[in-house]
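The next block holds one structure in the form of structure tokens; read it before the comments.
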Amino acid sequence: MANSSKENASKSAVTAQKKTSGETAAKTSAQIRVMTLDDYEGVYKLWMSIHGFAIRSVDDSREGVEVFLKRNPTTSVVAVQDGKIVGAILCGHDGRRGCLYHVCVHEDYRMRGIGKAMVVFCMKALREEKINKVSLIAFTTNDIGNKFWHQIGWTKREDLNYYDFTLNEKNIIAYNK
């Protein structure tokens, strides 16, 4: 029974996502497209505008993002509106599982379907690369983000612990205030 209820929940999430995809396309006027290295300055400016946003000195540098985009050339996304980048997601995979990083929409452009449209774009790109599962990390203090993920049908995991190990001590994390 547990498996069938999980399967039903999964089917419901896919149905909800398909509905959301159609609704989102009609709701947002932002252009949603693949991120390129030429977008870095605009994406970095967006990251720096978001209160509580955390970036790493090495991974989120221009060079770090270049390495990420070369490894994942079709899955990261930006939203462009009013001539500027108003949303972005770094999205990649390891051949088995996809992961979303730095999902953000500028505060002035939220609640317009931009976040949903970007997520749908990434999910489609991952599906095209035969990726079957996607994960992300949201800080427990990110109330807006956690509410967003819940509303669009993502499942909060309670059955695991997240661990990390720093290989490069120069990769310092800094939080926007």
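In region 7-59, what residues are surrounded by fewer than 12 Cβ atoms within 10 Å (Cβ to Cβ), at pLDDT 90 or above and either aliphatic (A, V, I, L, M) or farther than 23 Å from Asn72 by Cβ (or both)? Once the filter is applied, which keeps residues that are surrounded by fewer than 12 Cβ atoms within 10 Å (Cβ to Cβ), at pLDDT 90 or above and either aliphatic (A, V, I, L, M) or farther than 23 Å from Asn72 by Cβ (or both), region 7-59 yields only Met48.
Whether any residue in region 71-78 is more than 19 Å from Leu167 (Cβ to Cβ), of a type outside the set (Val, Ile, Thr) and without any contact (Cβ under 8 Å) to a residue 24 or more places away in the chain is what I want to check. So that I can check it myself, show each step before the final result.
Kept after step one, since they are more than 19 Å from Leu167 (Cβ to Cβ), are these residues of region 71-78: 72-78.
Right, trim to of a type outside the set (Val, Ile, Thr) and you get 72-73, 76.
So of that shortlist, the ones also without any contact (Cβ under 8 Å) to a residue 24 or more places away in the chain come out as 72.
The answer is yes; a qualifying residue exists.
Based on what the data block shows, is Arg127 without any contact (Cβ under 8 Å) to a residue 24 or more places away in the chain and either surrounded by 22 or more Cβ atoms within 10 Å (Cβ to Cβ) or under 19 Å from Trp154 (Cα atoms) (or both)?
yes
Would it be correct to say that Val67 is surrounded by fewer than 17 Cβ atoms within 10 Å (Cβ to Cβ), of a type in the set (A, V, I, L, M, F, W, C), free of Cβ contacts under 8 Å to residues at least 60 places away in the same chain and assigned to a helix (DSSP H, G or I)? Show your work before the answer.
Working: surrounded by fewer than 17 Cβ atoms within 10 Å (Cβ to Cβ): yes; of a type in the set (A, V, I, L, M, F, W, C): yes; free of Cβ contacts under 8 Å to residues at least 60 places away in the same chain: yes; assigned to a helix (DSSP H, G or I): yes.
Yes: the conditions hold for Val67.
When the criteria are applied in full, Ala138 meets the requirement of being within 17 Å of Gly115 (Cα to Cα) and in contact with a strand residue (DSSP E or B) (Cβ under 9 Å, 6 or more places away or on another chain).
On the given criteria, is Leu90 of a type outside the set (D, E, K, R), under 25 Å from Ile131 (Cβ atoms), in contact with an Asp or Glu (Cβ under 6 Å, 6 or more places away or on another chain) and free of Cβ contacts under 8 Å to residues at least 60 places away in the same chain?
Numbers: of a type outside the set (D, E, K, R): yes; under 25 Å from Ile131 (Cβ atoms): yes; in contact with an Asp or Glu (Cβ under 6 Å, 6 or more places away or on another chain): no; free of Cβ contacts under 8 Å to residues at least 60 places away in the same chain: yes.
When the stated conditions are applied, Leu90 does not pass them.
I need the full set of residues from region 71-96 which are under 14 Å from the mean Cα position of the chain (by Cα) and either charged (D, E, K, R) or part of a strand (DSSP E or B) (or both), in order please. Val77, Val78, Ala79, Val86, Gly87, Ala88, Ile89, Leu90, Cys91, Gly92, His93 - these are the residues of region 71-96 that are under 14 Å from the mean Cα position of the chain (by Cα) and either charged (D, E, K, R) or part of a strand (DSSP E or B) (or both).
The values are calculated or read from the model by the stated rules, or taken from the named source; none is laboratory data. No experiment lies behind these values; they were computed from the predicted model shown. Cβ sites come from the backbone with ideal geometry, for glycine too, and all protein chains shown count toward neighbours.
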